[in-house]
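Beneath this line is the structure, given in structure tokens, with notes to follow.
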Amino acid sequence: MALQVGNATTAADTASTSTTNKDLGQKDIFLKLLVAQMENQDPLKPQDATQMSSQLAQFNMVEQQTNTNQWLEKMAANGSGLGGTGASRLDTASAGYLGRTVTVNQNIVQYNGGNPNFSTDLPVDASSVQITVRDSAGKAIRTMDMGAMQQGLNIMSWDGLNDLGAASPLGTYTIDMTAVDMQGSDITASIQRSGVVDTVRLASGNVQLVVGGIPANLQDVTAVRL
């Protein structure tokens, strides 16, 4: 039996085309309504400029949201969702992280003379939190008592000083945290950091995002922002 070769259309391609047509239709309707409003305005009472600017701003927001939705759909189609383990190659979806601000589960910070920021998402209220900064050799150079913290996201920073009050050398450092709840039991929580993705690369079969000069695995990403 002869092998027949035809035009193959994947479900992802069909869904993408359908979504694109739908989005174009929504934007087309928005523009038609805006033009009709301008054409039928009272010459003696023209459209208020402030309201017009607001409508144009809304259209711009619709445009940005449409682009974001299309990017997220590409991520899902390629198995590159947040925390996914199927992203083993560089593709359009992973490249979409470039220039975006991401939050990753990683306790490594880059000290370049400023105050490195980091955070933790506590599952319960903490009666006390202690932060330990370690150098590249694993030596503790600074211990900070942060006091009590509430449940949820808590943002912290390190001033770059060691326990003697001297400035630390520029480089990468590790942040360790211990926390105790109101009953005196240890709290399990991790350190996170946020930054802009400046490079997307493939290392040991895994997609990595270079955030603030430090590589992070794609599966460690917990949030993406425009």
Somewhere in segment 175-188, is a residue among the hydrophobic types (A, V, I, L, M, F, W, C), over 20 Å from residue 111 (Cβ atoms) and surrounded by fewer than 18 Cβ atoms within 10 Å (Cβ to Cβ)?
yes
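For segment 147-212, give me every one of the strands (runs of 3 or more DSSP E) that falls completely inside it and has 2 or more residues that are under 20 Å from the mean Cα position of the chain (by Cα) and over 14 Å from residue 130 (Cβ atoms).
Values: elements: 152-157, 171-181, 191-203, 206-211.
Per the criteria, 152-157, 191-203, 206-211.
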Going by the conditions given, is residue 223 in the same structural domain as residue 152 (by TED's automatic domain parsing), among the small types (Gly, Ala, Ser) and not in a loop (DSSP other than H, G, I, E, B)?
no
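Answer with yes or no whether residue 203 is touching a residue at least 12 places away in the same chain (Cβ under 8 Å), exposed (fewer than 12 other Cβ atoms within 10 Å of the Cβ) and either in contact with a Phe, Trp or Tyr (Cβ under 7 Å, 6 or more places away or on another chain) or under 26 Å from residue 101 (Cβ atoms) (or both). Don't jump to the end; show me each part of the working.
Values: touching a residue at least 12 places away in the same chain (Cβ under 8 Å): yes; exposed (fewer than 12 other Cβ atoms within 10 Å of the Cβ): yes; either in contact with a Phe, Trp or Tyr (Cβ under 7 Å, 6 or more places away or on another chain) or under 26 Å from residue 101 (Cβ atoms) (or both): yes.
Here the answer is yes, as residue 203 does meet what is asked.
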Are any of the residues in segment 151-160 touching a residue at least 60 places away in the same chain (Cβ under 8 Å) and over 21 Å from residue 114 (Cα atoms)?
no
Checking residue 143 against (1) free of Cβ contacts under 8 Å to residues at least 40 places away in the same chain; (2) surrounded by fewer than 14 Cβ atoms within 10 Å (Cβ to Cβ); (3) under 30 Å from residue 226 (Cβ atoms); (4) polar (S, T, N, Q): exactly one of these is not met. Which one?
(3)
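The values are calculated or read from the model by the stated rules, or taken from the named source; none is laboratory data. A quick note: this is a predicted structure, and the numbers were derived from the prediction, not measured. Note that we place each Cβ from the backbone using ideal geometry, even for glycine, and neighbour counts take in every protein chain shown.
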